[in-house]
1. Mean residue ellipticity at 222 nm from the helices of the chain, using -39,500 (n - 2.57) per DSSP H segment of n ≥ 4 over the full residue count, to the nearest 500 deg cm²/dmol?
2. State the Cα centre-to-centre distance between segment 199-235 and segment 339-370 in whole Å.
3. Can you tally the net charge around N536? Count Lys and Arg as +1, Asp and Glu as -1, for every other residue whose Cβ sits under 11 Å from the Cβ of N536.
4. Could you pull out every residue, at least 5 positions away or on a different chain, whose amide H is within less than 5 Å of the one on V149? Hs are placed 1.01 Å off N in the peptide plane, and Pro or chain starts have none.
5. Under 11 Å from a label point 7 Å along Cα→Cβ of E78: give me every residue in segment 220-254 with its amide N that close.
6. Whole-Hz Karplus ³J(HN,Hα) for segment 275-280, in order, using 6.51 cos²θ - 1.76 cosθ + 1.60 and θ = phi - 60°, x for Gly and Pro?
7. If pairing requires two Cys Cβ atoms under 4.7 Å apart, which cysteines of the chain are left without a partner?
8. Give a residue-ordered list of calculated ³J(HN,Hα) values for segment 259-266 (Karplus: 6.51 cos²θ - 1.76 cosθ + 1.60, θ = phi - 60°; whole Hz; x for Gly, Pro).
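What follows draws every value from the coordinates through simple rules; no lab data is involved. In this text, all values refer to a predicted model and were calculated from it rather than measured experimentally. Counting neighbours? That spans all protein chains shown, and the Cβs are built from the backbone with ideal geometry, glycine included.
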Amino acid sequence: MNKEQAKKRIEELRKQTEYYAKLYYDEDKPEISDFEYDMLMVELRNLEKQYPEFSSKESLTQKVGGHVKEGFEKVIHEVPLQSLQDIFSLEEIDEFDERIRKKAEENGIKEVKYVVETKIDGLSAALEYKNGKFIRGATRGNGLVGEDVTQNLKTVKTIPMEINDKIDITVRGEVFIAKEDFENMNQEREENEEEVFANARNAAAGSLRQLDSKITEKRPLDIYIFNVQKIDGKKFNSHFEELEFLSKQGFNVNPVRIPCINLKEVKKAIEKIGEMRENLTYGIDGAVIKVDNLEFREILGTTEKTPRWAIAYKYPPEQKETILKDIICQVGRTGVITPMAILEPVKVAGSTISKTTLHNEDFIKEKGIKKGDTVIIQKAGDVIPEIVKVVEEKRTGKEQDFEMPKTCPVCGAEAVREEGEVAIRCTGIECPAKLFRNLVHFVSREAMNIDGLGENIIQQLLDKELISNIADIYELEFEDVASLKKNGKKFAQNLIDSINASKKNDLYKLITALGIRHVGAKASKILAKKYKTIDNLAKASYEELSYINDIGEVMANSIKEFFMQDQTKDLIERLKKAGVNTKAIIEENTDNRFEGKTFVLTGSLEKYTRKEAEDIIEKFGGKTSSSVSKKTDYVLAGEEAGSKLTKAQSLGVTIISEEEFEKMSQ
């Protein structure tokens, strides 16, 4: 490689690493694995070393790759939160030790000791205490300036709000999510049709950097403290002594901290951590080797980005070869059909893997996976097993292509993939795999509004086999419900009354409750008003539906597919038999003052909830929209109205206050 080629490659690598670092640090959405990113950084570092004339302080080899997120107050770190130099071989540990010992010799230091710790895969944070009380917490940011996340950190149960000594101290720790908590959280997100987190590190980072601390509070964040950044009135001789002090103060200190008197012990410690990493409750992405003597650290100093007295050894991801014996499909609670690889059992990173998700149809095609293939698997982030690639040279010709099923493997209803989506879904409303979620939605406030029938009670009814279908709700008997609670007679009567009351709901509530994909409460009202009965709606053609304002082709297709299913027809007949109203309740309304008018609601309303305001608009013949355009007639703006208000002003749309809206609707 000549100079021109080197310069070009360095520029390419800087652009790539900046792009991937932005996704990783700022957006918590990595596109490549940690190992792939590390290899790009190694290549960049080596080229900059070989061609120093092209070095730059703007390179990520020279600075920390994070920025302060908009919406957070900035915190200037009195002591910078630096990152660590990564290494990938034991030979590089030898080189590190050699440099340290040479510096020790030059300064008359006879003994060099180290501490080896687990490198926790999370997000760094600094915690400040005044007179022993927690006053502020910040993310690392770019190392010099971070984000004030005090309120979010207060939700982390392992952070003490007050420590044992009344001292002023700033400590550094790593916020993380434990392996089991991460798996449970992702499973729940999958069931709720939310995007799953790529790895535990990004889940932790995204959770800590929420602008709403109520969201953070729901996430299972934890922290391990690993350093004293600053302390007034106290001096330590060694890092290990520092960690022991932190532990006595009540901090949750990194539990794996191994003192080493020489290089041989350092390598043993790294090997030991490598062996135990699978059994750790939290994810790690390496082992950190630190000089123990704090005075010697001062002599060694730091670069702009990294300390010279510490280094991080990264373990390579363990990959294994095995046979993909079969592909089966599982149906989740929301009806998503997921292909699952059944593997010849193989041990990877300490645990036996016999199956792994294949995500969706596109993933299988992209990887070129066939039944019977020899595949390479590894654990993503040391937690989730994944297929890396197919070993095509080992194909025998007996391998079989896989096709996603056209019908649900659980209930036999049609399985569909909608345009623009990767997921294939079961359309059956009576599918046992979807039953819990369908029941929860059916009884919810915006649907049939059956008060008292919450998730816990629904689960009990399912467990006791008192219901196995939505229509079974209307066949529940007093004694069945009373048996769910001790002294449950009052509860049972209230619930039975609420179930009976729901039979009189308007048609639009029933349409909402059926959970037709893409059809919410607003569309349900339009359909109920247009078709008057559930039977009329069921008979409506695709063409007719697609021409209705605010319905369109996607919704029309979804409605048509739903009512074609035998399960849907069966459910509606059973609901009718139970006495559930399936007709629109006609309200004579001659006042259509808002007819043809479109409203957009923005900001916090004081006099109305959003739904109350929408109901008033619809009552007088108007409609609401979620976005501002030239076709918008009014923007009802409450407190802290944001971009929608700005857009309305730029388009010259009429902006009204709550008081003006109240006068218009009296």
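1. -10500 deg cm²/dmol
2. Result: 33 Å between the Cα centres.
3. Result for the local shell: +2.
4. Residues meeting the criterion, in which the H sits 1.01 Å from N, are G137, A138, T139.
5. It comes to 229-233, nothing else.
6. So the J values, rounded to whole Hz, are 6, 8, 4, 5, 8, 5.
7. Cysteines lacking a close Cβ partner in the chain: C260, C329.
8. x, 10, 8, 7, 4, 4, 5, 4
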